[in-house]
Amino acid sequence: VEMTRIVQGWMDRLERRLELPGSNSVEENALKWNNYRWKRGENEWTPSPAWKQSVIEQVMIEHLTERAAVLEIGPGFGRWTRDLIENSSRYTGVDVTRKCVEHCIGTFGQSDTVAFHLNDGRSLSVVDDRSIDFVWSFDVFVHIEPDDIAAYLQEFRRVVRDDALIILHHGEIGRTPLSWRSSLTEEQFVGLVEENGFELVQQIRSWGPDGQFKLAPGDALSLLRKATR
């Protein structure tokens with residue numbers, strides 16, 4: 001453990017000295033996921049079929065209003081995309097990774113009601129003002145640094161309708177040695193939510209009978225709405 005801390009500190013200092021983008025920057029994330037093999041396709045990072053189905057039924061669809069206009073941040077190879085499309089009137093997916101966007105277009109297609117776009121990891125220029133009812137992002141904000149999360153929240157404020165629901169999976173304990181998690185803490189996240197005009201409706205860390213299904217330790221699913229005051 002001590003050795004990993006030493007190596008992480010050395011890497012952080014080297015990044016600063018050489019003015020490299022650093023771990024979990026937009027540039028590093030795009031490079032990492034463009035070169036990732038995605039051997040399991042849309043089921044990459046899924047612990048079990050039962051766990052995935054529980055997320056779909058008890059978290060996603062439980063909170064997804066009928067025929068909503070859906071925005072997904074970071075669909076990857078489409079772990080949640082199929083079910084989001086099937087339960088929405090219109091679906092938009094944005095990702096910083098060209099490989100993922102091209103895969104999703106090939107798998108799910110582009111139509112009048114389904115679209116995938118490459119974005120810059122901070123903005124949503126392809127999304128119209130006040131056009132979204134439901135935002136979903138899982139296993140993405142755990143890799144995004146606080147400044148970029150703030151930029152996304154500013155954009156959410158513009159693109160979602162007043163009664164829209166946002167569900168974000170994010171970390172809350174900061175970066176751990178040699179992990180792919182960002183430096184975000186729970187205190188930082190709550191502050192960013194409030195600063196950008198949202199309120200924290202609920203946080204989920206486990207679900208199902210007796211909390212049978214769980215997130216990774218140190219992660220949370222946060223449900224947000226526009227603040228009413």
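The values are calculated or read from the model by the stated rules, or taken from the named source; none is laboratory data. What you see is a predicted model, and the numbers here were worked out from it, not measured in a lab. Quick reminder, even Gly has a Cβ in these numbers, built from the backbone with ideal geometry, and neighbours come from all protein chains shown. Side chains are part of the model used for accessible areas, which takes the heavy atoms of the whole protein and leaves out ligands, DNA and RNA. Shrake-Rupley method; radii C 1.70, N 1.55, O 1.52, S 1.80 Å.
Name every residue in the stretch 57-79 that is part of a strand (DSSP E or B) and β-branched (V, I, T), in order of residue number.
V70, I73
Take the residues in the stretch 80-103 that are among the polar types (S, T, N, Q) and part of a loop (DSSP other than H, G, I, E, B); name whichever of them is farthest from G41 (Cα to Cα).
My answer is N87.
Out of the residues in the stretch 14-41 that are open to solvent by 80 Å² or more (accessible area, probe 1.4 Å) and modelled with pLDDT of 85 or more, which is nearest to S123 (Cα to Cα)?
Only one residue fits best here, namely N35.
Among (1) closer than 24 Å to N35 by Cβ; (2) open to solvent by 40 Å² or more (accessible area, probe 1.4 Å), there is one condition V96 misses while meeting the rest; what is its number?
Single failed check for V96: (2).
Is there a residue in the stretch 178-185 that is closer than 14 Å to V70 by Cα and open to solvent by less than 30 Å² (accessible area, probe 1.4 Å)?
Looking for residues that are closer than 14 Å to V70 by Cα and open to solvent by less than 30 Å² (accessible area, probe 1.4 Å), one finds none in the stretch 178-185, hence no.
How about the stretch 180-215: which of its residues are in a loop (DSSP other than H, G, I, E, B) and either touching a residue at least 24 places away in the same chain (Cβ under 8 Å) or in contact with a Ser or Thr (Cβ under 9 Å, 6 or more places away or on another chain) (or both)?
Of everything in the stretch 180-215, those that are in a loop (DSSP other than H, G, I, E, B) and either touching a residue at least 24 places away in the same chain (Cβ under 8 Å) or in contact with a Ser or Thr (Cβ under 9 Å, 6 or more places away or on another chain) (or both) turn out to be W180, R181, S182, S183, L184, N196, G197, G208, Q212, L215.
Here is a yes/no grid of residues against (1) under 21 Å from A30 (Cβ atoms); (2) polar (S, T, N, Q); (3) open to solvent by 70 Å² or more (accessible area, probe 1.4 Å); (4) under 14 Å from the mean Cα position of the chain (by Cα):
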site: N119; (1), (2), (3), (4): yes, yes, no, yes
site: S123; (1), (2), (3), (4): yes, yes, no, yes
site: D128; (1), (2), (3), (4): no, no, yes, no
site: V140; (1), (2), (3), (4): yes, no, no, yes
site: H143; (1), (2), (3), (4): yes, no, no, yes
site: Y152; (1), (2), (3), (4): yes, no, no, yes
site: D163; (1), (2), (3), (4): no, no, yes, no
site: E187; (1), (2), (3), (4): no, no, yes, no
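If I filter the stretch 63-85 down to residues being among the charged types (D, E, K, R) and at pLDDT below 95, which single residue comes out as least open to solvent (accessible area, probe 1.4 Å)?
Applying the filter and picking the extreme gives R67.
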